[in-house]
Amino acid sequence: MVKYDDLRVEWIRQCVTAGFVLPENPNPFDELLGRGDGEQEEDILRFLDFVSDENSPSCLLFFKTVREEEIEVNIPLERKTGDASDADCTSGAEIPSDSEEICEVSPIHGLELQVVRHIELHMSVNDFPKQFVKSTVFYFIRNTKDTIVQPMNKKETPFVMCRLFTIGRHSGDPLVSLHQRLVNMYIPLMTAERMRETGADYESGEVGGGKGEEGSPSKPSGQFTIRDELLHRTYKFLGQLETTIQQTYIEDEIVLHIPELDLEPTVDVLLSDPEMVEKLEQCLMNWQTKITVVMEEQQNNKPQAPGPLAEIALWQGRASVLNVLSEQLNQPVVKKILELMTKADSRIVQTLEGVVAALTKYRVEADDNFCFLTTLKRNFTNLATASHLGGILETIPDLMSSLQVVWMISCHYNTNERMVPLMERTAWRLCERVRPIIGVSTLFKNKREVAKSKVRDAKQVLDLWKSSYFEVRAEIEESGRNQRWEFDRKKLFEMTDYIASICQDLLNVLQILEEFYNIFGPELKGVTSDPKRIDDVLCRVDGLIVPIEEFSCDIFKIHMMSDWKTIMQDFNKTVQAIELVAIDLIDQSFKTQRSSAAAFDMLLKFKHIVSREAVNNHLMRKSNDILAQYCKEVDSINDMFEAEKDKPPTLLRNEPPVARAIRWAQSLVHPIKQTLLPFLKEPQMLECENMKVAKDKYTEMALKIRDYKVKKFEHWTAETQRNLPKLMKNTLLVESADENQVEAKLDVPPTQRKLQGGVRYIVNFAPELREMISEAYHLELQDHALPDLAKIISLQEDKFIRYVNDLRKMINCYHSVMDSLSDAQSIMLEQHITAVQEEMQFGCKRLNWTSLGINDFIKRGSQSVSKFESVVNQIQMNEKEIESKLQVIGMASILKFSVPDNDLPGVKDFFERIERDQTKTVNLLSRMYADIGPLITKTEHLLLGTSSGNAKCMAGYYKYWERKVLDSLTKMVLSNLQSFNVVLMGSTSSFPN
């Protein structure tokens, strides 16, 4: 077996071998590619690598032919009893044993001609050679215009190549093959695709013959989509194809044989020849037989399919056959033969004339029937190809009117024998269209609305078929015609009525399911204490359709009627059982209901939604239970109010006490009010015994809460009008040496440190004022009428908060600076401190919270404090520099006793080194000490603008730093003496003795 390196060629070889069932050894495909110089393989590779144009053909064809060859074959022959050879072997002469053995086993051979068949393959690209028209062909049609790329490995080759090619096998008559492909593959495929889209249309609600929004039947769209029109034209093309095939058959088979005779002489001359007359009589007899046989065949022919289009095809074929015979009888040569035989007074002529008359009668009937049925073909095609039932609903009235016209005008289709079968076939077609749509195995898998729409449309189609029939019947009877439009109703409507009854049963099933799902929905779960039981009941509801879906037989067959009735009886029994469970569950739910509002809402929903009548009637009797539960809820609210009215809970964060109490009280009464209002709008609730009790309880509770809210608000209003003006007249700041007492009173957080011997300033914004402003804001949100002053203050809340924050920032900065000062600094900065305090006094004595100059005061005070802080910062920087110099002085080492690495120095060298180091250190310390004076003078200049060095206000400051200098020098001397004493008393020599 040959293996090809190119995986594409190897795949083509495997496909051709399997398609033609070729032997492997030798394989004709290998022989094909081995012919010549491998040109065939190059053609295949060129076909695979070629980048084709947009509309150019791209097809690789393989043709299978069988070549027969006769060869001589040497085969063994059987011995015949009594042959000479046998006689020799069986004679009385002695024969050696070896010879006897030879006679027994040696066969007799002979030559025989045998026919050997050789399978040959031929190939063509984009061309169908004439010599292979009748051969079997295996084709590869490219699905892409690009190069066929070679697969990566052998495993993925079939998957890749099958996506890139359409492959197939063809043999026989091309017209018949095309007809079979259309009927068995393409039309079913297109129909299935159309049915799938029809299901999508049902999902989107775009098709259907149900009720519109106003209750009127909605008209389905009569426009065909592109796929619908394509399918319709395909059916039309199929009809033309069938006509062509039939015509071809007729032309080949329905032929009146005319003998090859010389009919040119005159009639008398021809009649004088007995042999001629005998041949012509035989010819007429053959014609008579042929015509009779053809007419009998046509009379016995039946439609090939149960649909109405098959009826049209039958009459079309019959008309074609009979017309072909009539046309042949009208040929000049046939007329000449008939004329000769008529003058010959042959009896066969009379017989033939009778047959021809019958042929003419049948032909006229066939032509007439085909002509009238053609007017119905469009409607019949619509029944078979309409994309949805809406198109069929539009077609049925027109079809029935057309049938009426045919029945009234046609000379042949005006009897029960003709019309009933046609209408019966039409009814069959309608049944076949609706059955797949309402198939019980898949119907309930759709959404309920979609399933109901499908079943409703199917029933409407079947009902419209019957109603249209009776409408036409009534019109004919009103017209006064002798013939009545009365046919066998059992044949016309038995099947459609049965399927319509099934549709009604399915609608009832879907309706019952919807009603149960409405009952056992979230509404009932909201008022029941046992949701799990509802889930169990819903499982039983889901199980209602299981016997219907699992019914193994076709329920649309009329002989299954009794089985279907049994299923529906069991269904109804189960429904009644579930109704009892529902009623019991509802009774228990209403006894232990958790919310009267939810129970009443559910009651109203059940009143307006579609539900089971028995359940609805039972639910409507639950009004008293709902009102009793409402009374319990009001009592519970009242107990809660009495328990918490003195200390209401917090509903909103940072809400002040009065607003919080009023909001809490309102939150108690609002739910029971909203629950009662719908009760008052429902007449059935107003008639209940407990209605008056419920109203009285609500009224009592509402009045109590109203009085509570009014009392709270009026008390707050009085307090506000009395205290708010006083609080607004408070000064902006207060000063006090006892900070804790004032801060506790004003609810202000304490500062970190106290000023030594000074005063503290505190923002004088009372907590009561802050609370009043917050109350006014929240009460206004609750639509309370505030006093004018409270309303004005409430509108300025943001401004007051900004004032308080700015003031606190200012005094905190002042306190921070004051806390950082020493006593000496405080005395030295007395003038600056006094200036700052004078600014603060405006807020402590002259300005209050109604003043207009608060912004200016905050601005001036902040500038004063900032300036004071800047001065203090610069002074502190100078002090840090002085401190660093004094630290160096205090740690200086005047007596440095260094130990040499090698030899000890002499006494003179030792003291000279000490003196030299001492001089250097003293000079450095002297410079540092000299720098301290200018720094203090710089501070004087910063404070007073002078550089005298003897400012009286800085006397204490001078004394402070003189003490610090003395302490540093003392520290330095003591430290050096200690170091000298350690060296002096030590055991280590600093110089030789």
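At a 1.4 Å probe radius, carbon and sulfur cover how many percent of the accessible area of segment 619-735?
Numbers: 3470 of 6660 Å².
Whole-percent figure for carbon plus sulfur exposure: 52.
At a Förster distance of 51 Å, what's the computed FRET efficiency of Val149 paired with Leu178, Cβ-Cβ distance as r, to 0.05?
Working: r = 33 Å, r/R0 = 0.64.
According to the calculation, E is roughly 0.95.
Fully extended, how many nm does the chain gain between Thr415 and His559 (0.36 nm per residue separation, minus their Cα-Cα distance)? Provide the component values of the computation, followed by the final result.
On the way: separation 144, 0.36 × 144 = 51.84 nm, distance 2.93 nm.
Result: 48.9 nm gained on full extension.
Quick one: Karplus J couplings for segment 125-142, per residue in order, coefficients 6.51, -1.76, 1.60, θ = phi - 60°, nearest Hz, x for Gly and Pro?
10, 6, 8, 10, x, 5, 5, 10, 4, 9, 8, 6, 10, 10, 10, 10, 10, 6
Compute for segment 423-539: radius of gyration divided by Kirkwood radius, i.e. Rg/Rh, restricted to C-alpha atoms, rounded to two decimals.
Values: Rg = 20.7 Å, Rh = 17.0 Å.
Result: Rg/Rh = 1.22.
Please calculate how many Å² of accessible area segment 765-883 carries per residue, with a 1.4 Å probe and no DNA, RNA or ligand atoms counted. Let's see the in-between values first.
Numbers: 6210 Å² over 119 residues.
So segment 765-883 comes to 52 Å² accessible per residue, rounded to a whole number.
Which peptide among 886-893, 830-837 comes first, and what is the full order, when sorted by highest mean count of other Cβ atoms within 10 Å?
Details: 886-893: 15.9, 830-837: 14.4.
Per-residue mean Cβ counts within 10 Å order the peptides as 886-893, 830-837.
Between Val115 and Thr244, take the C-beta separation as r, use R0 = 30 Å, and let me know the FRET efficiency to the nearest 0.05. All intermediate terms of the calculation are to be shown ahead of the outcome.
Details: r = 37 Å, r/R0 = 1.24.
My answer for the efficiency is 0.20.
Using packing as a proxy for protection, rank 138-151, 421-434 so that the peptide with the highest average count of other Cβ atoms within 10 Å comes first. Walk me through the numbers on the way to the answer.
On the way: 138-151: 15.4, 421-434: 20.1.
Per-residue mean Cβ counts within 10 Å order the peptides as 421-434, 138-151.
Can you pull the Rg over Rh of segment 1-43, Cα-only, Kirkwood?
Values: Rg = 9.9 Å, Rh = 10.6 Å.
Using Cα coordinates only, the ratio equals 0.93.
Considering only Cα-Cα distances, which of the following residue pairs are longer than 21 Å: Lys920/Lys971; Lys845/Lys952; Lys377/Lys490; Lys880/Lys952; Lys454/Lys490; Lys880/Lys920? Mind dumping the intermediate values first?
Values: Lys920/Lys971 19 Å; Lys845/Lys952 33 Å; Lys377/Lys490 25 Å; Lys880/Lys952 23 Å; Lys454/Lys490 26 Å; Lys880/Lys920 25 Å.
Exceeds cut-off: Lys845/Lys952; Lys377/Lys490; Lys880/Lys952; Lys454/Lys490; Lys880/Lys920.
Quote the charge dipole size of segment 883-954 about the Cα centre in Debye, to the nearest 20; the model charges only the Cβ of Lys and Arg (+1) and of Asp and Glu (-1).
Values: 9 positive and 9 negative charges, 67 e Å.
My answer is approximately 320 debye.
Measuring with a 1.4 Å probe in the full set of protein chains, what accessible area per residue, in whole Å², belongs to segment 293-361? Mind dumping the intermediate values first?
Working: 3460 Å² over 69 residues.
Counting only protein heavy atoms, the per-residue value for segment 293-361 is 50 Å².
Which of the lysines could a cross-linker bridge to Lys525, judged by Cα under 26 Å and excluding same-chain residues fewer than eight apart?
Reachable lysines: Lys445, Lys447, Lys573, Lys591, Lys605, Lys607, Lys622, Lys632, Lys673, Lys681.
Tell me which of Ile889, Leu925, Val871 sits at the most positive position along the dipole axis of segment 870-943, charges placed on C-beta atoms (Lys, Arg +1; Asp, Glu -1).
Val871
Please report the base-10 log of the normalised intensity I(q)/I(0) for segment 761-919, using a Debye sum with one equal scatterer per alpha carbon and no solvent, at each q in 0.17, 0.19 (1/Å).
So the normalised log intensities are -1.02, -1.15.
On the protein heavy atoms, probe 1.4 angstrom, tell me the percent of accessible surface of segment 407-526 carried by carbon and sulfur. Display every interim value, and only then the final one.
Details: 2440 of 5160 Å².
Summing carbon and sulfur atoms, their accessible area is 47 percent of the total for segment 407-526.
So what's the gap between the Cα centers of segment 359-374 and segment 407-432, to the nearest angstrom?
16
The values are calculated or read from the model by the stated rules, or taken from the named source; none is laboratory data. If you're wondering where the values come from, they're calculated on a predicted model, not measured in any experiment. Neighbour counts are summed over all protein chains in view; Cβ atoms, including those assigned to glycine, are modelled from backbone coordinates with ideal geometry. Note: accessible area is taken over every heavy atom of the protein model, side chains too, but ligands, DNA and RNA are not part of it. Shrake-Rupley method; radii C 1.70, N 1.55, O 1.52, S 1.80 Å.
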